[in-house]
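The values are calculated or read from the model by the stated rules, or taken from the named source; none is laboratory data. Because the structure is predicted, anything quoted here is derived from the model rather than measured. No Cβ is skipped: glycine too gets one built from the backbone with ideal geometry, and neighbour counts run over all protein chains shown.
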Amino acid sequence: DSGVTQTPKHLITATGQRVTLRCSPRSGDLSVYWYQQSLDQGLQFLIQYYNGEERAKGNILERFSAQQFPDLHSELNLSSLELGDSALYFCASTQTGGADTEAFFGQGTRLTVV
Amino acid sequence: GENVEQHPSTLSVQEGDSAVIKCTYSDSASNYFPWYKQELGKRPQLIIDIRSNVGEKKDQRIAVTLNKTAKHFSLHITETQPEDSAVYFCAASQTTGFQKLVFGTGTRLLVSP
């Protein structure tokens, strides 16, 4: 158990809908990263938050947004869903804002858009 | 921005053989290079990392080498075992400021008994 909690584990929804994925980082970790992993694909960096503020952005679509709350949990919002958004979404947390320490991953949320 | 290429995409070896996975990166400012292992249906987990001030690091059967001049680094697994079967990801980042961790595309390693 990495200490990072993601909910829900599985999500099935229709095209055009909106979903929210939730991530609780390890106790004491201030930074949360979101990654998308499509079938047989690598880990595509979406966005990073540190202590409530957005710090780095990757290839995140405009239909996607995220935020980190005062209690440090983070939510990834995906709207106007398309079939191609079906993927495994991971969040990871680190103690600091830098990416030079071990990132602890959650178990992921598998999103299926039908 | 940083771009990390990883080869091969798949690697099949016999139990007991060695396996080598190679990565190249584009940003010469990158100085932290971790390797993550993702077993089927599970989350990625760090197995070893190396910083730019060393050229090699070893932990039991796994080792990582770094060539900063050529901007490439490699993962070496010796005496492979079936439980080494997984997808391995290399990554690169900088250690200053708020830098994102950029992953390679992954290598699926299959170790046959």
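Yes or no: residue A:64 of a type in the set (Phe, Trp, Tyr) and surrounded by fewer than 21 Cβ atoms within 10 Å (Cβ to Cβ)? Let's see the steps before the verdict.
Numbers: of a type in the set (Phe, Trp, Tyr): yes; surrounded by fewer than 21 Cβ atoms within 10 Å (Cβ to Cβ): yes.
Yes.
Scanning for something crowded, with 18+ Cβ neighbours inside 10 Å, out of contact with any helix residue (DSSP H, G or I) (no Cβ under 8 Å at 6 or more places or on another chain) and without any contact (Cβ under 8 Å) to a residue 60 or more places away in the chain, does segment B:21-29 turn up at least one residue? Break it down into steps so the answer makes sense when it comes.
Pass one, segment B:21-29, residues crowded, with 18+ Cβ neighbours inside 10 Å: B:21, B:23-25.
Cutting the leftovers down to out of contact with any helix residue (DSSP H, G or I) (no Cβ under 8 Å at 6 or more places or on another chain) gives us B:21, B:23-25.
Then keep just the ones that are without any contact (Cβ under 8 Å) to a residue 60 or more places away in the chain; that gives B:24.
So far as segment B:21-29 goes, yes, one or more of its residues are crowded, with 18+ Cβ neighbours inside 10 Å, out of contact with any helix residue (DSSP H, G or I) (no Cβ under 8 Å at 6 or more places or on another chain) and without any contact (Cβ under 8 Å) to a residue 60 or more places away in the chain.
Which ones in segment B:65-113 are on the phi < 0 side of the Ramachandran plot, more than 14 Å from every other protein chain (Cβ to nearest Cβ) and of a type in the set (D, E, K, R)?
Within segment B:65-113, B:68, B:83, B:84 qualify.
Only one of these is free of Cβ contacts under 8 Å to residues at least 24 places away in the same chain and surrounded by 13 or more Cβ atoms within 10 Å (Cβ to Cβ): A:44, A:36, A:6. Name it. Give the steps one after another, and end with the answer.
Values: A:36 fails: free of Cβ contacts under 8 Å to residues at least 24 places away in the same chain; A:6 fails: free of Cβ contacts under 8 Å to residues at least 24 places away in the same chain.
From the options A:44, A:36, A:6, the qualifying one is A:44.
With a cut-off of at least 1 residues that are charged (D, E, K, R), name the strands (runs of 3 or more DSSP E) lying wholly within segment B:8-113.
Values: elements: B:10-14, B:19-25, B:32-38, B:45-51, B:56-59, B:62-67, B:72-77, B:86-92, B:107-112.
So the answer is B:19-25, B:32-38, B:45-51, B:56-59, B:107-112.
Answer with yes or no whether residue B:28 is away from every other protein chain (no Cβ under 14 Å) and either under 27 Å from residue A:39 (Cα atoms) or under 14 Å from the mean Cα position of the chain (by Cα) (or both). Step through it out loud before you land on a result.
Details: away from every other protein chain (no Cβ under 14 Å): yes; either under 27 Å from residue A:39 (Cα atoms) or under 14 Å from the mean Cα position of the chain (by Cα) (or both): no.
For residue B:28, the condition - away from every other protein chain (no Cβ under 14 Å) and either under 27 Å from residue A:39 (Cα atoms) or under 14 Å from the mean Cα position of the chain (by Cα) (or both) - is not met.
Just the residues that are within 13 Å of another protein chain (Cβ to nearest Cβ), surrounded by 13 or more Cβ atoms within 10 Å (Cβ to Cβ) and in contact with a Lys or Arg (Cβ under 9 Å, 6 or more places away or on another chain), please, taken from segment A:9-33.
A:31, A:33
Assess whether residue A:29 counts as being without any contact (Cβ under 8 Å) to a residue 12 or more places away in the chain and over 25 Å from residue B:105 (Cβ atoms). Walk me through it before giving the result.
Details: without any contact (Cβ under 8 Å) to a residue 12 or more places away in the chain: no; over 25 Å from residue B:105 (Cβ atoms): yes.
Judged against the criteria, residue A:29 is not a match.
Mind counting the residues in segment A:79-114 that are within 7 Å of chain B (Cβ to nearest Cβ) and closer than 14 Å to residue A:34 by Cα?
Here the count works out to 8.
Quick one: residue B:11 ticks every box in (1) more than 18 Å from residue A:102 (Cβ to Cβ); (2) within 12 Å of chain A (Cβ to nearest Cβ); (3) hydrophobic (A, V, I, L, M, F, W, C) except a single one, so which number is it?
(2)
Scan segment A:54-69 for residues that are within 10 Å of chain B (Cβ to nearest Cβ) and under 15 Å from residue A:94 (Cβ atoms) and report the count.
Number satisfying all stated conditions: 2.
What number goes with the only condition from (1) at the interface with chain A (Cβ under 10 Å from one of its Cβ atoms); (2) at pLDDT 95 or above that residue B:21 does not pass?
(1)
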